[in-house]
1. Considering only segment 61-75, how many residues are outside any loop (DSSP other than H, G, I, E, B) and either within 20 Å of the chain's Cα centre (by Cα) or closer than 25 Å to residue 222 by Cβ (or both)?
2. Testing residue 244 on (1) in contact with a helix residue (DSSP H, G or I) (Cβ under 7 Å, 6 or more places away or on another chain); (2) open to solvent by less than 50 Å² (accessible area, probe 1.4 Å), one condition comes back false. Which one is that?
3. Test of understanding: among 273, 296, 278, which residue is within 25 Å of residue 29 (Cα to Cα) and without any contact (Cβ under 8 Å) to a residue 40 or more places away in the chain?
4. Check 181, 240 and return the single one that is of a type outside the set (Gly, Ala, Ser), assigned to a helix (DSSP H, G or I) and more than 30 Å from residue 298 (Cα to Cα).
5. As an exercise: evaluate residue 318 against (1) exposed (fewer than 15 other Cβ atoms within 10 Å of the Cβ); (2) over 20 Å from residue 9 (Cα atoms); (3) among the polar types (S, T, N, Q) and give the number of the one condition it does not meet.
6. Pull out all pairs, ordered by first then second residue, where Cβ-Cβ is under 9 Å, the residues are six or more apart or on different chains, the first lies in segment 13-36 and is among the acidic types (Asp, Glu), and the second is not in a loop (DSSP other than H, G, I, E, B).
7. Out of everything in segment 1-60 that is among the hydroxyl-bearing types (Ser, Thr, Tyr) and part of a loop (DSSP other than H, G, I, E, B), what residue ends up being surrounded by the most Cβ atoms within 10 Å (Cβ to Cβ)?
8. Quick one: which residue in 147, 66, 156, 119 is open to solvent by less than 20 Å² (accessible area, probe 1.4 Å), without any contact (Cβ under 8 Å) to a residue 40 or more places away in the chain and touching a Cys at 6+ places or on another chain (Cβ under 7 Å)?
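The values are calculated or read from the model by the stated rules, or taken from the named source; none is laboratory data. Since the model is a prediction, treat every value here as computed from it, not as a measurement. Here the Cβ is made from the backbone with ideal geometry for all residues, glycine too, and neighbour counts use every protein chain on show. The protein model used for the area step is the full one, side chains on, heavy atoms only, and it has no ligands, DNA or RNA in it. Shrake-Rupley method; radii C 1.70, N 1.55, O 1.52, S 1.80 Å.
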Amino acid sequence: MNYYLAPLEGITTYIYRNAYHSVFHPMEKYFTPFIVPRMKKGMNSREINDILPEHNQGLFVVPQLLTNQAEDFIKVAETLAAYGYQEINLNLGCPSGTVVAKGKGAGFLAHPRELERFLEKIFSVLTMDISIKTRIGMEDPEEFEPLLEIFNQYPLKELIIHPRVREDYYRRSPNFSVFEKAMKKSAHPLCYNGNVFTKGDYQNLLEKFPALPAVMLGRGIIANPSLRQSLEGEEPKKKKEQFQRFHTELYQGYQKILSGDRNVLFKMKELWSYLAQSFTDYEPYAKKIRKTGTLSDYETIVKALFREQEVVSNGRFSF
């Protein structure tokens, strides 16, 4: 099985990717938070900083692009190729209202003819590997069959499917029946993404799809960064120490590149909205972390959490 780290905006930055890679079981691929190509401007400084090769040494990183304009996709793809990237990914899954309203992300799925013209153009120009991360439609799972027919026309490196429609957001259970049809009819290797939070979730997935070649982990691994090890039956003996080291690398990494308590705290609070759930009796500490306004107070709270609580072995999470 190949494991991929899903792109989560604001979280899976190069600071996060490097900290994860050095502490936990490495991923086969790391997908960046989406890059938004801007007409005639390319990438902004934050996006460039995130994909610089010197910031991603030893990692197989796949930049993800969010656009419905073929010319913009091609321009940024060529820039990424000049940096040495071998594969790029098209985001057809983001359910955000502001993104969908512009016909991007999952919103692009509502315009199959435009999507087909988009793919025709980028594949006629680019020679690098292109993969797609997609939902199964906007409102109805029945939308996916004609979308898959479109995808099958082009030489995709891989098709990553989050089997929910956009209107589901992250509610409702993933649609396994649609994913099963994709496994039978896709002309490309598939990767599954969605609600793999525990070893039980993973085993259930493999029982349904024993030939599945890859799985992408998102919210589940942000909440429990040792998840891949658990899925492979390699539960670490010193799990809390591993979490502490991971936190230290992240915290110090953000302190190096961000100025002021507020900016560092914003990043760490976002992380703890997921990570706290991996600890016993975490609610009082999570509440204090949300309210703190200084790094010194933050450090005191986190030290107390690691000292007084334990890391749970296989928890369920609320997102």
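1. Here is the first cut: in segment 61-75, the residues outside any loop (DSSP other than H, G, I, E, B) are 61-62, 64-65, 70-75.
Still in the running and either within 20 Å of the chain's Cα centre (by Cα) or closer than 25 Å to residue 222 by Cβ (or both): 61-62, 64-65, 73.
Number satisfying all stated conditions: 5.
2. The failed condition is (2).
3. The match here is 273.
4. Of 181, 240, the one residue that is of a type outside the set (Gly, Ala, Ser), assigned to a helix (DSSP H, G or I) and more than 30 Å from residue 298 (Cα to Cα) is 181.
5. With respect to (1) exposed (fewer than 15 other Cβ atoms within 10 Å of the Cβ); (2) over 20 Å from residue 9 (Cα atoms); (3) among the polar types (S, T, N, Q), residue 318 is out only on (2).
6. If the second residue must be not in a loop (DSSP other than H, G, I, E, B), the pairs left are 28/2; 28/3; 28/4; 28/214.
7. So the first thing to find is which residues in segment 1-60 are among the hydroxyl-bearing types (Ser, Thr, Tyr), and the list is 3-4, 12-14, 16, 20, 22, 30, 32, 45.
The next check asks that each one be part of a loop (DSSP other than H, G, I, E, B); those that pass are 12-13, 32.
Values: 12: 21, 13: 22, 32: 25.
Once the filter is applied, the top-ranked residue is 32.
8. That would be 66, the only listed residue that is open to solvent by less than 20 Å² (accessible area, probe 1.4 Å), without any contact (Cβ under 8 Å) to a residue 40 or more places away in the chain and touching a Cys at 6+ places or on another chain (Cβ under 7 Å).
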